[in-house]
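Student: Structure below; questions to follow.
Here, each number is a calculation from the coordinates, and none is a lab measurement. Values in this document were obtained by computation on a predicted structure and should not be read as measured data. No Cβ is skipped: glycine too gets one built from the backbone with ideal geometry, and neighbour counts run over all protein chains shown.
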Amino acid sequence: MPIKAVLFSYFWGVLKIMTEENVILVDQHDNPIGTMPKMEAHQKAQLHRAFSVFILNDNNEIMLQQRAQHKYHSPLLWTNTCCSHQRVGETNIEAGKRRLFEEMGFVTELRELFHFIYKAPFDNGLTEHELDHVMIGYYNDFPNINPEEVASWKWMAIADVKDDMANNPGKYTVWFRIIFDEFYHYIEEHQI
């Protein structure tokens with residue numbers, strides 16, 4: 001690996017540690033009750049605000065991303081277009097657009113469909129305990145993926161995601177399996 005790439009990777013890691021983001025702790029009704037460093041919230045399984053973005057194209061396919069290999073959990077697993085945590089003072093839509101651009105390199109209009117609470121423990125001792133705001137947007141072009149966040153991407157029909165997830169659950173992130181089930185039931189019952 002070239003020395004510039006090694007130095008960039010090192011300093012990127014240091015910067016991420018120095019600037020660890022806080023998550024917004026919430027009660028069961030999404031009322032903010034404080035903040036906590038992201039890693040600590042996941043270690044303590046504290047309920048916090050999050051969001052998940054589903055980008056669809058005109059063929060009703062979902063843009064999936066494969067998480068980067070160096071992620072501290074769920075590396076190289078497939079998941080929805082992007083997901084993350086809101087910052088203090090940021091609306092759900094602003095947060096979704098910000099993170100969509102940071103991970104996938106494009107911006108599009110988003111709208112919130114629903115929110116729900118889930119809890120998913122990982123093998124590494126961390127737990128996702130989130131009040132998740134699920135958003136949808138539409139896009140028909142190629143993303144410009146951020147290799148620090150994303151290893152690959154693909155379009156996949158909704159029904160094919162459902163079938164593949166049933167047959168190969170280990171290819172997908174734990175939270176995507178939970179969120180996709182909620183998303184799938186939502187679109188069965190509502191016109192999107």
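Student: What are the chymotrypsin sites (Phe, Trp or Tyr not before Pro) within segment 16-118 that DSSP puts in a loop, where the Cβ has at most 15 other Cβ atoms within 10 Å?
Tutor: Values: sites: F51, F54, Y72, W78, F101, F106, F114, F116, Y118; in loops: Y72, F106.
Filter output for segment 16-118: Y72.
Student: Same structure again: One-quarter of the Cα convex hull surface for segment 109-177, in nm²?
Tutor: 6.3 nm²
Student: Relative contact order (percent) for segment 75-168, with alpha-carbon contacts under 8 angstrom and 6 or more residues of separation?
Tutor: Value for segment 75-168: 23 percent.
Student: A follow-up question, please. For the pairs K71/K162; K38/K162; K44/K162, flag any whose C-alpha to C-alpha distance is greater than 28 Å.
Tutor: On the way: K71/K162 25 Å; K38/K162 30 Å; K44/K162 31 Å.
With Cα atoms farther than 28 Å apart: K38/K162; K44/K162.
Student: In Å and on Cα atoms, what radius of gyration and Dmax does segment 26-112 show?
Tutor: Cα-based Rg and Dmax for segment 26-112 come out at 14.2, 41 Å.
Student: For the chain, what mean projected area does the convex hull of the alpha carbons give, in nm²?
Tutor: So the Cα hull casts an average projection of 11.4 nm².
Student: Next question, about the same structure. From the residues N59, W78, A41, which one has its Cα farthest along the dipole of the chain in the positive direction, the dipole being from +1 and -1 charges on Cβ of Lys/Arg and Asp/Glu about the Cα centre?
Tutor: The residue sitting farthest along the positive end of the dipole is A41.
Student: Can you give the helix-only mean residue ellipticity at 222 nm for the chain, where every DSSP H stretch with n ≥ 4 adds -39500 (n - 2.57) and the sum goes over all residues, rounded to the nearest 500 deg cm²/dmol?
Tutor: Rounded to the nearest 500, it is -10000 deg cm²/dmol.
Student: Further, regarding this structure: Out of residues 5 or more away from I62 or on other chains, whose amide H comes under 5 Å of its own, with H placed 1.01 Å from N in the peptide plane?
Tutor: Amide H to amide H, under 5 Å and 5 or more residues apart or across chains, I62 pairs with M156, A157, I158.
Student: What is the dipole size for the chain, taken about its Cα centre, with +1 at each Lys and Arg Cβ and -1 at each Asp and Glu Cβ, in debye to the nearest 20?
Tutor: 660 debye
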